[in-house]
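The values are calculated or read from the model by the stated rules, or taken from the named source; none is laboratory data. Remember, predicted model here, so these are calculated numbers, not experimental data. Counting neighbours? That spans all protein chains shown, and the Cβs are built from the backbone with ideal geometry, glycine included. Calculation scope for accessible area: heavy atoms of the full protein, side chains included, ligands and nucleic acids excluded. Shrake-Rupley method; radii C 1.70, N 1.55, O 1.52, S 1.80 Å.
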Amino acid sequence: QVQLVESGGGLVQPGESLRLSCAASGTFSSIYSMRWFRQAPGKQRELVATITNGGRTNYANSVKGRFAISKDNAKNLMYLQMNSLKPEDTAVYYCNLWVPNADYWGQGTQVTVSS
């Protein structure tokens, strides 16, 4: 069974940075994508960033140039480096692992950007 655990959320001021981590445990396919989603109050969950098993990355337009997704294969960790944070980045951030025929989610970590 795959488990995902996020960490690193918190309260920051606009313009500051945070790094989220997602620790994956268990055995899963060598073909996968790892993704960060976020959900703000009253809004739908949205895809923020994706990284494939081959290391290809993709970002939502709203975070391009500010966020960077990466992974450490040896440690089964995924990261989301968030710079120049804005109040509209406030949301619960979720780690997701997609493999053929399965989808796994973490419990989420709150990020609040406020002065």
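Key figures for this structure:
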read-out: Selected residue (criterion: farthest from ILE51 (Cα to Cα)) from residues of the stretch 88-107 that are open to solvent by 70 Å² or more (accessible area, probe 1.4 Å) and not in a strand (DSSP E or B); value: GLU88
read-out: Pairs where the first residue, in the stretch 86-115, is closer than 10 Å to LEU4 by Cβ and the second is part of a loop (DSSP other than H, G, I, E, B) and at pLDDT below 95, C-beta under 6 Å, 6+ apart; value: TYR104/VAL2
read-out: Residue, farthest from TYR93 (Cα to Cα), within the stretch 1-28, restricted to residues that are among the hydrophobic types (A, V, I, L, M, F, W, C) and not in a strand (DSSP E or B); value: PHE28
read-out: Residue match in the stretch 21-35 (condition: open to solvent by 60 Å² or more (accessible area, probe 1.4 Å) and at pLDDT 95 or above); value: no
read-out: Hey, TYR59 open to solvent by 40 Å² or more (accessible area, probe 1.4 Å) and among the aromatic types (Phe, Trp, Tyr) or not; value: yes
